[in-house]
1. Of the residues in the stretch 85-133, how many are within 27 Å of residue 28 (Cα to Cα), assigned to a loop (DSSP other than H, G, I, E, B) and of a type in the set (Ser, Thr, Tyr)?
2. Are any residues in the stretch 28-46 under 28 Å from residue 121 (Cα atoms) and more than 13 Å from the chain's Cα centre (by Cα), and if so, which ones?
3. For the stretch 1-55, which strands (runs of 3 or more DSSP E) that fit wholly inside it have 1 or more residues that are under 23 Å from residue 119 (Cα atoms) and not assigned by TED's automatic domain parsing to the domain that holds residue 205?
4. Suppose the filter is hydroxyl-bearing (Ser, Thr, Tyr), buried (at least 22 other Cβ atoms within 10 Å of the Cβ) and within 23 Å of residue 10 (Cβ to Cβ); does residue 199 pass it?
5. Could you identify the single residue in 212, 218, 228, 243 that is within 15 Å of residue 172 (Cα to Cα) and either over 19 Å from the mean Cα position of the chain (by Cα) or without any contact (Cβ under 8 Å) to a residue 40 or more places away in the chain (or both)?
6. When residues of the stretch 205-233 are filtered for being polar (S, T, N, Q), over 17 Å from residue 155 (Cα atoms) and in a strand (DSSP E or B), how many remain?
7. So which of 182, 172 is under 24 Å from residue 135 (Cβ atoms), acidic (Asp, Glu) and either part of a strand (DSSP E or B) or free of Cβ contacts under 8 Å to residues at least 40 places away in the same chain (or both)?
Amino acid sequence: MSALKYSPIVKINENKRDNFSAFQARYHAFGELMSPAIGFDHFHMNKDVFGAHRHVHMSALSYLFEDSVAYHNTDSIGTDLIITPGSLLWTWAGSGVVHHEVPTVEGGEVHGLQLFLDIPAATRTLPPKSVYIPLEKMPVVTGDGSTVKVVMGKAGDAINATQTPEPVTLLDVKLSAGKTTDYALPAGWNGTVYVLTGSVAVNTTKLNSNEAVAFGSADADEKITFTAAADSRFLLISGAPIAHA
């Protein structure tokens with residue numbers, strides 16, 4: 001029987017440039033336990049920094065926090081929409097897509113998470129597509145000192161009904177000091193936790209703000225318990241790892 005494994009705790013460093021800053025994490029710091037994620041940027045941006053750019057053989061997801069201005073997304077498959085605060089756009093690049101995201105307010109600050117996911121080799125030559133999940137489609141579960149927003153996927157009995165290209169869960173969790181909440185990690189899945197603010201123990205692994213840990217590779221469902229040492233907010237990304245020959 002394979003027990004739950006953990007990566008080292010990773011301190012996420014901030015990269016700053018004109019009109020853009022981001023705490024950037026990449027898979028090589030976590031090993032295979034981060035898969036299907038290959039990285040993320042927790043970013044602030046107040047100008048069109050990157051211009052139109054191409055993604056291929058992967059997914060790029062843009063999730064905005066509630067204090068963000070809206071984000072205008074256009075791409076080469078005809079997507080033209082406004083990502084509103086609290087919402088998410090999943091751009092599944094497949095064989096390749098060019099997209100462009102800019103703040104809707106000149107000088108306004110976009111605050112969000114750009115999440116990069118691997119995709120199975122067998123689907124990499126398929127045409128690109130996009131899926132938009134507005135805030136109002138995301139269930140929110142409140143408990144004793146906890147608020148769990150199901151951005152996609154599920155948490156317990158709370159299920160986000162939006163059909164996504166792959167079965168991935170993203171939870172945005174607020175947890176008061178001294179309180180706990182649990183997540184059932186499915187057998188064979190991996191998870192990554194990133195602490196935005198505060199201090200949280202993932203089972204017995206203690207994380208502070210801008211720290212992350214990945215875990216998984218268990219062959220049975222695992223109960224993951226989160227305990228806050230201070231008022232905290234963290235993200236949980238989980239999904240089945242992507243194997244490549």
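1. 2
2. Across the stretch 28-46, the qualifying residues are 28, 29, 30, 31, 32, 33.
3. Counting at least 1 such residues, we get 20-26, 37-45, 53-55.
4. Spelling it out, it is not the case that residue 199 is hydroxyl-bearing (Ser, Thr, Tyr), buried (at least 22 other Cβ atoms within 10 Å of the Cβ) and within 23 Å of residue 10 (Cβ to Cβ).
5. 228
6. So the answer is 3.
7. 172
The values are calculated or read from the model by the stated rules, or taken from the named source; none is laboratory data. Remember, it's a predicted structure, so these values are computed and weren't measured experimentally. Cβ atoms come from the backbone with ideal geometry, glycine included; neighbour counts cover every protein chain shown.
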